[in-house]
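This report refers to the structure that appears directly beneath it.
The values are calculated or read from the model by the stated rules, or taken from the named source; none is laboratory data. Owing to the predicted nature of the structure, the values given are computational and were not obtained by experimental measurement. Note: ideal-geometry Cβ built from the backbone for every residue, glycine included; neighbour counts use all protein chains shown.
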Amino acid sequence: MQRVARLRSGMFVGEMSMLTGNPRSATVVAACEAVVFEISRADMEPLIKSRPEVARVLTEALVKRRSETERARNAPPPHPEEQRSFMQQTVGRILAFFGVNSKI
C-alpha cells in the first residue's frame, strides 16, 4: 500500500465516489482515534439540485486533490488543457449523477 496523503482535522475523503458514483480509488486507514462523519448522496442531492453551481466548487476541490495525489506518486503534472477537460467532464458527471440538466 502506498501512502499518498495524510489527512488532518476538517479534511475529507471519498468525494469522487460520492459525487459521481465511480468506484473508490483509495483506501483510508486511521492512524489514531478519529471522529468521522458520513455525507451521503441523499444528503448532497437537495443541495446539488437547488444550487448546481456547487458542482463546480466541489470539482475544484477534486482537481486539487487529484493534483496532490499525482504529485505524491511522482507523476508529471497534467497539461493545463487536460486539467480543464477533467474539470468540465467531472462537473458534467456530477450533474448527471444527481439528475441535474443544467449547464454551469
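Somewhere in the range 58-65, is a residue within 23 Å of Ser102 (Cβ to Cβ), out of contact with any Phe, Trp or Tyr (no Cβ under 9 Å at 6 or more places or on another chain), among the aliphatic types (A, V, I, L, M) and at pLDDT below 90? Taking every residue of the range 58-65 in turn, none turns out to be within 23 Å of Ser102 (Cβ to Cβ), out of contact with any Phe, Trp or Tyr (no Cβ under 9 Å at 6 or more places or on another chain), among the aliphatic types (A, V, I, L, M) and at pLDDT below 90.
Select from the range 27-80 the residues that are under 14 Å from Ile94 (Cα atoms) and in a loop (DSSP other than H, G, I, E, B) and write down the one among them that is farthest from the chain's Cα centre (by Cα). So, considering only residues that are under 14 Å from Ile94 (Cα atoms) and in a loop (DSSP other than H, G, I, E, B), the one farthest from the chain's Cα centre (by Cα) is Arg51. Of all residue pairs spaced 6 or more apart or on separate chains, those with beta-carbon atoms under 9 Å, a first member in the range 42-53 that is under 12 Å from Gly99 (Cα atoms) and a second member that is of a type in the set (Ser, Thr, Tyr) and assigned to a loop (DSSP other than H, G, I, E, B) are Pro52/Ser102.
Within the range 6-57, how many residues turn out to be modelled with pLDDT of 90 or more, among the hydrophobic types (A, V, I, L, M, F, W, C) and within 26 Å of Ser85 (Cβ to Cβ)? So the answer is 8.
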